[in-house]
Structures are given as structure tokens and as C-alpha cells.
Amino acid sequence: MTLLTTVFAAIISTVLWYKRAPDNSMRLGTLSLIYWGASLMWLGDAIFEYAELQAEYFTPAAGDMLNDFYLGLSVVALGLIAWLVALLLQDPRRVLKTTLLKKT
Amino acid sequence: MACFLVPTAEAIVVTAVKHSCKKRESASVSKMDISPGVLQSSQRISFSQKLGWLTNMLWGGSLLLAFEHVWHGEVTPWFPFLTAAANPEDTVAMLHEMSTIGVSMALLVTLAWAGMVLVSNAMEKRAAEPSAAVK
């Protein structure tokens, strides 16, 4: 469920990046790469888990699924926070610089 | 247990390589001849930029995976930070997991990046072909 949640986040962020391309001022490419990286890593983990559990892998207990979905949502939120921090640090649209240096 | 440490180690190495590539590229750009033909080649995506795709995937994935390990209580904020490092039996299992799952994760991400670079290189080559034919 965590893998599935992250894959959906990766697809949505990639569609948003594609829609805005070639404008990269929001660094949406970075966001999609963060989620694709995590998705691929969880895919690697899932392959090993499938090799161990076989068909049982696809029938998780409802409680485990809910916990994994909760984890997936938390992971998506953390990815968004990481992207936001990177965006504000790079400040490609110079919004922070202009706002902070503006005389009141 | 600690499989995310393998992609993290790769991320550190690739980041260092990316910075050295960037330095070399900026040094070569300053020496470059700015004739119209050369300008076209400078519009290509630099190798350091392509390495940036890999570092974003590796750092992002490692961060999110590290969070998952904290969630499951496998990483703690106190020494030895990894619960599996507390006793030798768990340490052996952890090292085995790192050498199998961890290496596979790093390989999958690197292979996906290699695919992206190949596609991007092919697209750049195709885009450069009409201008070469005009010459």
C-alpha cells in the first residue's frame, strides 16, 4: 500500500511537471524524482517480499493495509516538505529574496 | 532493517561526482569558443544535470525510506541508531538485507536513471541531426 501510494504521488507530480514544462520555476521535476526514487526502492523491497510470501503478498490483513496506507500518506507529506524546503532554499522565482529585502 | 543505507551511500558518492563534473564543465565553458555552431552544442543537457536526476532520486528515496524505518522502530534517535545493531544475530540479518535488498534498490534506481540518460541522449542526437544536414 505504501508503494502504491508513492507511485500515485509520482504519477500525479510527473503529470503536473509535464503540464508546466518547460517552465521549471516550481521545481516540479525534483518532486517527481523524489517520489520515483522512493517508488523504485519500494518496488525492490516488494520483489523480495513477493519472492518470500508468493500469493499471500497480495492479500494483506485489513489492519496492515490501513497502517501501510497511513504510512504512505505520511511519506507523501514528507516528500512534499522536502521539496518545499528545496524550493525555498533555491528560490528560483526570487520571491523570498524580494519579500525579505522589501522595505516596510 | 537498514537497506536504505546502501542508496544513501551511493547518493553521497554521486553528489561528490556531480560537483566535480559541474566544476569541470564550468571551467570548460569559460574556455569555449562562442561561435554559432558551438552554441548549439551548449544547449544540450550537461552530464552534471543528468547526474542531478540520479541524486534527486537517491536522496529523495533514501529520505522517505529512512522515515519508513523510523515508523517501524528500526531506526532510533539514540546510539546505536539501528535497533538491529544492538545484538550480533540481528546485525548479521541486517547486513544480509543490506547486501540483497539494499543493493537491489540502488541498482533499480541507477538502471532507471541510465534509461533516462539513454533516451535523453537519443533525443539530443535526433534534434542535432537536421542542423548537421543543413551544414
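Under 8 Å by Cβ, and 6 or more places apart or on different chains, what pairs join a residue from the range B:104-125 that is closer than 24 Å to B:CYS3 by Cα with one that is surrounded by 15 or more Cβ atoms within 10 Å (Cβ to Cβ) and among the small types (Gly, Ala, Ser)?
Sorted first by the residue in the range B:104-125, then by its partner, the pairs are B:SER104/A:GLY44; B:MET105/A:GLY44; B:MET105/B:GLY61; B:LEU107/A:GLY44; B:LEU108/A:GLY44; B:VAL109/A:GLY37; B:VAL109/B:GLY61.
When the residues of the range A:18-41 are narrowed to those that are in a helix (DSSP H, G or I) and hydrophobic (A, V, I, L, M, F, W, C), which ends up farthest from B:SER62 (Cα to Cα)?
Checking each candidate, the answer is A:LEU28.
So the check is Cβ under 9 Å with 6+ separation or different chains; which pairs have a first residue in the range B:72-88 that's part of a strand (DSSP E or B) and a second one that's open to solvent by 80 Å² or more (accessible area, probe 1.4 Å)?
B:VAL75/B:PHE81
Do the conditions hold for B:ASN121, that is, is it open to solvent by 40 Å² or more (accessible area, probe 1.4 Å) and under 21 Å from the mean Cα position of the chain (by Cα)?
Judged against the criteria, B:ASN121 is a match.
Check off (1) within 20 Å of B:GLY61 (Cβ to Cβ); (2) free of Cβ contacts under 8 Å to residues at least 40 places away in the same chain; (3) within 12 Å of chain B (Cβ to nearest Cβ) for A:ASN67 and give me the number that stays unchecked.
(1)
Could you list all residues from the range B:72-83 that are within 27 Å of the chain's Cα centre (by Cα) and crowded, with 16+ Cβ neighbours inside 10 Å?
The answer is B:GLU74, B:VAL75, B:LEU82.
The values are calculated or read from the model by the stated rules, or taken from the named source; none is laboratory data. Predicted model only: the values in this text are computed from it and were never measured. Note that we place each Cβ from the backbone using ideal geometry, even for glycine, and neighbour counts take in every protein chain shown. All accessible areas refer to the heavy atoms of the entire protein, side chains included, with ligands and DNA or RNA removed. Shrake-Rupley method; radii C 1.70, N 1.55, O 1.52, S 1.80 Å.
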